[in-house]
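J.: Take a look at the following structure, please.
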Amino acid sequence: MLRIRALCARILTQFGRDRRTLALLFVAPVLVLWLLTVILNGTAASVHVATVDLPEALQTQLSKTDTHIERADASQAKDLIDADDVAAVLSMDDDTLRVELEGTDTGKSQQVMAAVNEAMAALRKEHQSEVEAAQREAEAAMQRKAEQLQSIMANPQPKTQQRMASAVDELMQAADPEMEALAVTGVDTVYLHGGEDWKIFDFYGPVFIGIFLFVFTFITSGMSLVTERTGGTMTRFLTTPISGAQILSGYTAAFGVLSFVQSFIILGISIRFIGFPCVGNMWFLVLTCMLLAMTSVSLGLLVSALARTPFQVVQMMLLFVVPQILLCGLFDLSGAPMWLQAIGKCCPVTYGVEVLRDVMLRGQGWEAIWIDLLALFGFLAVFFVLGALGFRKKCARVRR
């Protein structure tokens, strides 16, 4: 028992002297939990829909549903749905409502169709109420005209026949009142991307591909460098003429080759065997996965320069990787605070996931993805430079 107590005291003393580990143990989990709370407790964003020349009655009913309605002309509506700024465009084709769904996010498509069905049901109910009111008014008018006809027949006077004929005509008109036709008689649904057979997981497939690539590459690269440092290999490296930038370049190049093979394997299995949809160019996907993996390598090498042990690399995932997982597109942030959306734009995984979705789900080409790829390359360059500066300082200390 005494030995166990002594060993326990030794371990606690070691942790007490390592302030970095203590901070990662207690501060990082609280930070991640708070971030998750902000995301999940944010105001739920209503689905965004564009309408083109809808009947006013239908427009009014749609505005009563849980949707954000934006009036637009045909050209503006096309630009909005092509840019994925709206989930659907509603327009009229004669007396049929045309619902053009963006289609990649099955959840939003279901919300749109639920809102359309709710509005149509309310429109039919309102029309039925108008029909019933008109029928009641017609029955009352018929009753009055019938009583008037009976009075004429009971008290014959000159021109009684002419008056009776006029009363009969009025009675027939009251029996058949003119009714305004229903504004919309049917709904026609079309998909810009995807279709009815797409599942919710198809929309999140590119997200998981990007996350798994980034996370596993980050752990592998960070662990390998820390392991070499704790084993003394890195110290021997730093006593040679090799520079920190050259060490990082070698690691990044090696992991770049591995990520090329890894991208082919993951994408091939995901598309061919798991069944993720892919309507775009496969080479764009490989390029994106390679850039994302190499960005993860440079971040992992940067973090490994801060960590002293492999255990700290795993802990630092809570600060450097987990927030990116939460903010990259796994959750809809359109209803979250603006500052949280801005942080999401500062995460490299966000841009990688956006490119994967654009290519796999929307079939977009170079003109739509080059900005996101440039952002990924920018993250790669920044992490590489910071990591090289960190190694330069370590190299200077060793050579003294």
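J.: Give the residue that is farthest from Ile200 (Cα to Cα), with candidates limited to residues of region 71-108 that are touching a residue at least 24 places away in the same chain (Cβ under 8 Å) and hydroxyl-bearing (Ser, Thr, Tyr).
T.: Ranking the candidates gives Thr96 first.
J.: Within 30 Å of Gly107 (Cα to Cα), of a type in the set (Phe, Trp, Tyr) and within 20 Å of the chain's Cα centre (by Cα): does that describe Phe331? I'd like the intermediate steps shown before the answer.
T.: On the way: within 30 Å of Gly107 (Cα to Cα): yes; of a type in the set (Phe, Trp, Tyr): yes; within 20 Å of the chain's Cα centre (by Cα): yes.
Against the criterion (within 30 Å of Gly107 (Cα to Cα), of a type in the set (Phe, Trp, Tyr) and within 20 Å of the chain's Cα centre (by Cα)), Phe331 qualifies.
J.: Between a residue in region 368-385 that is over 13 Å from Leu292 (Cβ atoms) and outside the structural domain of Tyr351 (by TED's automatic domain parsing) and any residue that is of a type outside the set (A, V, I, L, M, F, W, C) and not in a helix (DSSP H, G or I), which pairs come within a Cβ distance under 8 Å, given they are 6 or more apart or on different chains?
T.: Taking only residues 6 or more apart or on different chains, not a single pair turns up.
Rundown of residues vs (1) out of contact with any Phe, Trp or Tyr (no Cβ under 8 Å at 6 or more places or on another chain); (2) part of a loop (DSSP other than H, G, I, E, B), yes/no style:
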site: Gly280; (1), (2): yes, yes
site: Trp283; (1), (2): yes, no
site: Cys289; (1), (2): yes, no
site: Ser296; (1), (2): no, no
site: Gly335; (1), (2): yes, yes
site: Ala368; (1), (2): yes, no
site: Leu376; (1), (2): no, no
site: Val385; (1), (2): yes, no
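Results for (1) more than 16 Å from Val215 (Cβ to Cβ); (2) of a type in the set (Val, Ile, Thr); (3) in the same structural domain as Leu340 (by TED's automatic domain parsing); (4) at pLDDT 80 or above, shown as yes or no for each residue.
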position	(1), (2), (3), (4)
Ile271	yes, yes, yes, yes
Ala293	no, no, yes, yes
Ser296	no, no, yes, yes
Leu306	yes, no, yes, no
Phe311	yes, no, yes, no
Met316	no, no, yes, no
Phe320	no, no, yes, yes
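J.: I would also like to ask the following. Restricting attention to region 112-120, does a residue exist that is modelled with pLDDT of 85 or more and in contact with a His (Cβ under 7 Å, 6 or more places away or on another chain)?
T.: No: region 112-120 contains no residue that is modelled with pLDDT of 85 or more and in contact with a His (Cβ under 7 Å, 6 or more places away or on another chain).
J.: Right, next: (1) within 29 Å of Cys278 (Cβ to Cβ); (2) out of contact with any Asp or Glu (no Cβ under 6 Å at 6 or more places or on another chain); (3) at pLDDT 85 or above: which one isn't true of Thr106, the others all being true?
T.: (3)
J.: Output the number of the condition that Phe331 fails; it satisfies all remaining conditions of (1) in a loop (DSSP other than H, G, I, E, B); (2) farther than 19 Å from Phe214 by Cα.
T.: That leaves (2) as the condition not met.
J.: So, one more: When you scan region 322-333, do you find a residue that is modelled with pLDDT under 85, out of contact with any helix residue (DSSP H, G or I) (no Cβ under 9 Å at 6 or more places or on another chain) and surrounded by fewer than 20 Cβ atoms within 10 Å (Cβ to Cβ), even just one?
T.: No.
The values are calculated or read from the model by the stated rules, or taken from the named source; none is laboratory data. The model shown is predicted, which means the values in this text are computed figures rather than measured ones. Quick reminder, even Gly has a Cβ in these numbers, built from the backbone with ideal geometry, and neighbours come from all protein chains shown.
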